[in-house]
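Participant: The following block contains the structure, expressed as structure tokens.
Computed from the coordinates by the stated procedures, all read-outs in this text should not be read as laboratory data. Source: prediction; values computed, not measured. Note that each Cβ is placed from the backbone with ideal geometry, even for glycine, and that neighbours are counted across all protein chains shown.
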Amino acid sequence: MELLTLGDGVERGVRCLEFRTGTGLRFRVMVDRALDIGMCEYKAAPIGWHSPTGFRHPGLHESTDEDGLGWLRSFSGLHVTCGLDHILGAEEEAAEHYQYRLRKRVFSPLHGRIAHTPGRLIGYGESWEGDECTLWAEGLVKQAAVFGENLSLWRRIEARVGSNQVRIRDRVTNEGFSKTPHMMMYHINIGHPVLSEGSRFLAPVRHTRWASHADNLQWQAVGSVTQGAPQDCFEEQVYEHAMQPDPEGVVRMALVNDRFDAGRGLGLGIQVDANQFPHHLQWQNYRSGMYVMGIEPSTHHVLGKKFASDRGELIWLSAGAERAYGVTYDILDGAAEIARYERLIAKAGAPAQEEFPVPTGDWEH
């Protein structure tokens with residue numbers, strides 16, 4: 001493991017920790033970008049998505065730019081955290097819970113503020129248990145305002161030497177004395193070559209609640225399961241799926257390219273706790289030059305904060321309250337590993353996935 005500082009262009013000054021497990025798995029924890037995972041590759045094949053923005057220094061970021069869409073000028077990497085008080089589209093909300101007469105409203109940009117906040121690196125190193133060595137890093141990311149929210153994200157990232165697995169464990173705490181809305185989502189972004197024409201999205205989908213293109217599901221000829229090639233004028237597609245956890249309460253999903261390396265196969269498996277993340281989005285952005293599929297475990301439905309508030313589903317953290325989150329990533333190297341993970345997903349007992357699922361509009365089940 002090595003602590004690096006990027007030195008040129010918009011990335012200049014961004015600290016990152018580079019992990020290498022010895023199997024060919026290499027990834028960078030972006031300390032100054034909420035300790036998210038930026039670059040990730042396996043045996044020189046990219047796993048995470050690299051967007052045209054690069055890993056821009058947070059000092060260049062203004063979260064309220066462009067009517068809240070400024071987030072898109074700094075959006076890149078495998079694991080991007082959304083939150084801590086807002087996710088999904090830009091919204092305004094009343095601010096009376098902060099009890100400050102000059103603050104009437106709170107404006108929240110697309111996917112919140114936390115992803116472009118520098119972290120405090122608490123520690124990093126190696127942990128030994130017998131002959132097993134685990135590489136680890138811990139950090140703290142603060143999202144706070146006077147007469148506003150005071151939230152802390154405590155993050156630990158681990159990868160065992162000799163393995164193809166990465167674990168992220170998070171804890172979000174309300175350090176303030178006012179109750180605060182809380183939302184959390186992991187924007188997991190997979191690029192080429194794991195994403196390729198014919199790649200498969202494997203997931204225990206019980207039903208699909210919502211789709212951004214529900215009026216014409218087949219108009220771009222790209223379904224939910226079998227992924228398409230880049231298109232110059234592709235318009236993003238978003239689904240919200242209701243997933244079936246396995247008997248242990250785990251939701252497993254994967255994107256796999258069976259044809260990678262002349263049929264050897266390569267994929268990324270994802271595990272989350274269904275109680276932590278009860279909702280799941282699939283994002284397809286197959287526009288040429290920005291080719292990516294996102295898997296997005298979320299605390300809330302796709303329609304955002306007002307929708308959650310109106311339904312009484314918005315999470316409020318009281319003073320000192322905290323919630324735990326986490327995700328485990330598995331590199332799936334070869335057809336046997338892909339088949340093994342497919343069997344694990346099948347343990348959930350969900351029905352067969354539909355290529356063009358008709359949204360049910362069922363937000364309850």
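Participant: Where in the stretch 170-201 does the label zone of Ala319 land, with the point 7 angstrom along Cα→C-beta and an amide N cut-off under 14 Å?
Facilitator: Under 14 Å, as judged by backbone N against the label point of Ala319, lie 174-180 of the stretch 170-201.
Participant: Report, as a whole number in µm² per second, the diffusion coefficient that Stokes-Einstein gives for the stretch 39-160 at 25 °C and 0.890 mPa s using the Kirkwood radius over alpha carbon pairs.
Facilitator: 147
Participant: Residue by residue through the stretch 119-126, which ³J(HN,Hα) values in whole Hz follow from phi under the Karplus form 6.51 cos²θ - 1.76 cosθ + 1.60 (θ = phi - 60°), with glycine and proline marked x?
Facilitator: These are the phi-based 3J(HN,Hα) values: x, 9, 7, 7, x, 7, x, 10 Hz.
Participant: Let me know the Kirkwood hydrodynamic radius for the stretch 251-365, please, with Cα pairs as the basis and the value in Å to one decimal.
Facilitator: This gives a value of 16.8 Å.
Participant: Still on this structure, I have one more. Can you list the GluC sites (Glu not before Pro) in the stretch 329-365 that are in a DSSP coil and have 15 or fewer other beta carbons within 10 angstrom?
Facilitator: Glu354, Glu355, Glu364
Participant: Counting Lys +1, Arg +1, Asp -1, Glu -1, what net charge surrounds Asp67 among other residues with beta carbon under 14 Å of its beta carbon?
Facilitator: -4
Participant: Another question, if that's okay. Please report the Cα spread of the stretch 56-104 along all three principal axes, rounded to whole Å, starting with the longest.
Facilitator: Computed over the Cα atoms, the extents are 38, 20, 17 Å.
Participant: What value in Å³ per residue do you get for the convex hull of the alpha-carbon atoms in the stretch 267-312?
Facilitator: Given the Cα convex hull of the stretch 267-312, per-residue volume reads 82 Å³.
Participant: Here is a follow-up. Counting only C-alpha contacts under 8 Å and six or more residues apart, can you give the relative contact order of the chain as a whole percent?
Facilitator: 16
Participant: For the chain, set up a Gaussian network in which alpha carbons nearer than 10 Å are linked by springs, and say which option among His97, His207, His116 fluctuates the most.
Facilitator: Comparing His97, His207, His116 in the GNM, the peak value goes to His97.
Participant: Something else: How long are the semi-axes of the ellipsoid equivalent to the chain, from square roots of 5 times the Cα gyration tensor eigenvalues, in whole Å, largest first?
Facilitator: Listed largest to smallest, the semi-axes of the chain are 30, 26, 20 Å.
Participant: Can you compute log10 of I(q)/I(0) for the stretch 218-318 with the Debye formula, treating each Cα as one identical point scatterer, at q = 0.09, 0.10, 0.15, 0.17 Å⁻¹?
Facilitator: -0.30, -0.37, -0.77, -0.93
Participant: List, in order, the whole-Hz ³J(HN,Hα) value for each residue of the stretch 61-76 obtained from phi through the Karplus relation with A = 6.51, B = -1.76, C = 1.60 and θ = phi - 60°; use x for Gly and Pro.
Facilitator: In residue order, the calculated couplings are 9, 10, 5, 9, 4, 6, 6, x, 8, x, 3, 6, 7, 9, 9, 6 Hz.
Participant: Arrange the peptides 183-190, 292-299 so that the one whose residues have, on average, the most other Cβ atoms within 10 Å appears first.
Facilitator: 183-190, 292-299
Participant: For a test of the definition: using alpha carbon positions, the gyration tensor, and the 1.5 limit on a/c, classify the stretch 105-208 as rounded, prolate or oblate.
Facilitator: Oblate is the answer for the stretch 105-208, as a/c is 1.5 or above yet b/c matches or exceeds a/b.
Participant: Now a separate question. Cα gyration tensor of the stretch 240-280, axes a ≥ b ≥ c as square roots of the eigenvalues: rounded (a/c below 1.5), prolate (a/b > b/c) or oblate?
Facilitator: Prolate, because a/c is 1.5 or more and a/b exceeds b/c.
Participant: Once every DSSP H run of n ≥ 4 in the chain is given -39500 (n - 2.57) and the sum is divided by its residues, what mean residue ellipticity at 222 nm do you get, rounded to the nearest 500 deg cm²/dmol?
Facilitator: -1500 deg cm²/dmol
Participant: Report the net charge of residues surrounding Ala262, where surrounding means a beta-carbon distance below 15 angstrom and charges are Lys +1, Arg +1, Asp -1, Glu -1.
Facilitator: Overall, the nearby charge balance is 0.
Participant: Less than 20 Å from a label point 7 Å out along the Cα-to-Cβ axis of Lys179: which backbone N atoms in the stretch 297-311 qualify, by residue?
Facilitator: Counting backbone N atoms under 20 Å from the label point, the list is 299-301, 305-311.
Participant: Over the residues of the stretch 174-248, compute the C-alpha Rg and express it relative to 2.2 N^0.38 Å.
Facilitator: 1.48
Participant: Another question, then. Please list, short to long, the whole-number percent of alpha-carbon pairs of the stretch 1-74 in consecutive 5 angstrom bins beginning at zero.
Facilitator: 3, 16, 22, 25, 17, 9, 4, 2, 1
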